[in-house]
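Worksheet: the structure to be examined is printed underneath.
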């Protein structure tokens with residue numbers, strides 16, 4: 001692939017790049033920042049984008065095609081470049097960078113430790129105010145459930161009262177044992193802070209110490225004949241045990257570590273983090289990433305680690321990863337500066353730690369599948385995707401019914417086509433159709449264009465033959481009667497041209513909107529438009545188009561494999577003139593297999609009951 005043609009301004013800037021560490025910023029023709037990167041040597045790194053592009057991924061090629069201008073910031077060290085890169089990505093949120101989805105919205109548990117009577121709340125930002133923070137978490141609902149369970153053990157304040165201990169009445173939470181009641185003097189400052197310290201220890205995974213302390217307090221209260229207080233501690237211990245039982249013991253080494261893994265499918269990426277404290281899996285969080293596309297595993301992991309731990313409230317001494325990073329040393333140095341102590345990035349090769357990474361990967365995959373299923377079931381998202389697709393393609397009406405066609409062939413044999421149908425963003429499998437291509441089978445030459453022409457002609461001739469179409473609100477007798485609001489052809493300009501010819505020949509070109517979806521770059525080509533439509537990556541409309549295309553491909557491949565399997569298992573004896581079912585059965589019963597028949601002489605074959613020498617000679621010749 002040749003070098004891209006560059007604007008004179010861009011060429012001049014490339015010549016002045018310094019051989020220093022720093023960050024580089026790419027802008028498009030509208031001046032918008034589309035990518036931020038860091039480099040040990042700005043001159044070498046930036047120029048590599050504009051060399052021959054054979055080694056570049058499709059995502060990098062798209063990026064280079066969109067670059068209209070660049071700027072850079074020189075730093076003294078690579079570590080400074082990494083820190084600056086994080087800040088610039090958060091500031092500009094460039095479309096080609098890998099980003100944590102909605103990273104500004106992640107909730108934290110905040111313990112207001114700087115106050116005499118610390119309350120507990122859920123916040124969206126960490127501040128240097130002396131409070132203790134735990135998180136980030138991905139679900140506000142999950143955080144509230146966690147705090148509700150912990151409140152049974154550690155009855156904390158969450159109100160805005162000024163605590164003097166002189167209030168005449170406590171609120172309802174005190175009476176249902178969800179608040180220790182410092183407002184009425186039920187506990188003093190030291191006792192209340194001990195309760196909250198226990199909560200903090202529990203969130204940090206120090207469950208053994210907390211359980212020991214609760215048991216000590218219960219025994220002490222019983223010795224002092226404070227039976228009501230002892231019963232309260234007993235109930236708290238039972239509630240704490242229920243929480244601890246849900247925490248899986250994954251290591252006997254009492255280690256603090258995080259485990260990171262990820263899964264990718266259909267352009268979407270999901271990262272999973274396991275939080276292991278004192279050898280117990282105390283929690284896990286799932287994060288969706290934007291802008292990942294076809295990014296390599298190392299790039300994904302490095303970007304996620306930088307963004308997640310830039311806002312994490314706690315850093316463990318060790319982080320387990322599924323693959324090695326090229327930037328391990330510099331990222332460890334950055335993590336050391338964040339934690340104030342050494343942090344090791346490790347890729348386990350065997351044993352329980354390898355099993356942990358595998359478990360995290362499986363959980364990431366399951367989470368991604370669940371999120372995709374939820375998306376598919378979300379009628380609002382479907383409506384949004386349809387409306388945005390209509391606007392992007394300038395369609396006369398919303399593409400409620402989408403039909404997609406795909407051709408599948410193997411060296412000119414078993415050429416088949418699939419027609420899949422999506423209605424309101426979901427598959428309508430009763431309307432799916434398969435085609436065994438006749439024209440290509442007759443010629444024996446692989447010709448996807450001819451196959452597509454034949455299939456579209458057959459599909460839409462059936463539609464015309466079943467006219468008139470059903471009236472609005474009237475049910476169609478068959479899927480053939482319904483014309484699509486959008487016809488998608490799996491292929492680029494060539495296949496689109498074939499579809500346009502087929503529709504024009506049947507007088508349907510002005511009625512059925514058509515688009516060709518190029519496999520490699522995932523661009524949509526439209527008739528009479530020189531430039532393709534590039535849908536935003538990870539947008540609802542792109543995800544809808546990808547699902548339609550992938551389903552058409554799956555349906556065609558499955559049909560072709562079935563046909564090929566039948567052809568491979570079909571006995572060669574069926575092709576011999578004069579050999580019917582009875583003679584086949586007799587030959588196979590006598591010889592036991594096709595190979596044995598092939599190795600037999602004509603006389604031996606002719607000796608089988610029901611055979612003649614003439615037919616035996618044909619069998620020998622054919623086999």
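Quick notes
- Across the chain, the relative contact order, built from alpha-carbon pairs under 8 Å that are at least six residues apart, equals 8 percent.
- The angle between the Cα long axis of helix 207-223 and the main principal axis of the chain comes to about 40°, on a 0 to 90 degree scale.
- Normalised contact order of the range 572-622, rounded percent, pairs of Cα under 8 Å and 6 or more residues apart: 37 percent
- Rotationally averaged projected area of the range 52-147 (alpha carbon convex hull; nm²): 9.8 nm²
- C-alpha long axis of helix 493-505 to longest principal axis of the chain, angle in °: 60 degrees
- All-pairs Cα distance distribution in the chain, expressed in whole percent, bin size 10 Å: 3, 12, 17, 17, 16, 14, 10, 7, 3, 1, 0, 0
- For the chain, the longest principal axis of the Cα atoms and the long axis of helix 227-245 meet at an angle of about 30 degrees.
- Three-way shape call for the range 572-622 based on the alpha-carbon gyration tensor, with the a/c threshold at 1.5: rounded
- What the Kirkwood sum gives for the range 105-248 is a hydrodynamic radius of 15.8 Å, with every pair of different alpha carbons counted.
- Backbone N within the range 169-212 under 15 Å of label point (7 Å from residue 222 Cα along the Cβ vector): 212
- Label separation (residue 91 vs residue 12): 2.5 nm, computed from points 7 Å beyond Cα along the C-beta direction.
- If R0 is taken as 51 Å, the Cβ-Cβ distance between residue 169 and residue 77 corresponds to a FRET efficiency of 0.25.
- Fewest-first sequence of 315, 335 by Cβ atoms within 10 Å of each Cβ: 315, 335
- Fewest-first sequence of 490, 116, 378 by Cβ atoms within 10 Å of each Cβ: 116, 378, 490
- For the range 32-191: Kirkwood Rh in Å [reciprocal of mean 1/r, alpha carbons]: 20.2 Å
- 18 Å reach of a label modelled at residue 256, 7 Å along Cα-to-Cβ, counting backbone N of the range 267-284: 274-284
- DSSP finds beta bridges in the chain, and of those with both partners inside it, around 80 percent are antiparallel.
- Kirkwood hydrodynamic radius of the range 257-375, from inverse mean 1/r over distinct Cα pairs, in Å: 14.6 Å
- Per residue, the average separation of C-alpha pairs within less than 8 Å and at least 6 apart gives the range 85-225 a relative contact order of 17 percent.
- Each principal axis of the Cα cloud of the range 8-97 was evaluated for its coordinate range; sorted largest first, these ranges are 30, 26, 25 Å.
- Residues 162, 347 in ascending order of nearby Cβ atoms (within 10 Å, fewest first): 162, 347.
Bear in mind that the values in this text are calculations on the coordinates, not laboratory data. Bear in mind the structure is a predicted one, so any value in this text is a computation, not a measurement. A quick note on method: Cβ atoms are made from the backbone with ideal geometry, for glycine too, and the neighbour counts reach across all protein chains shown.
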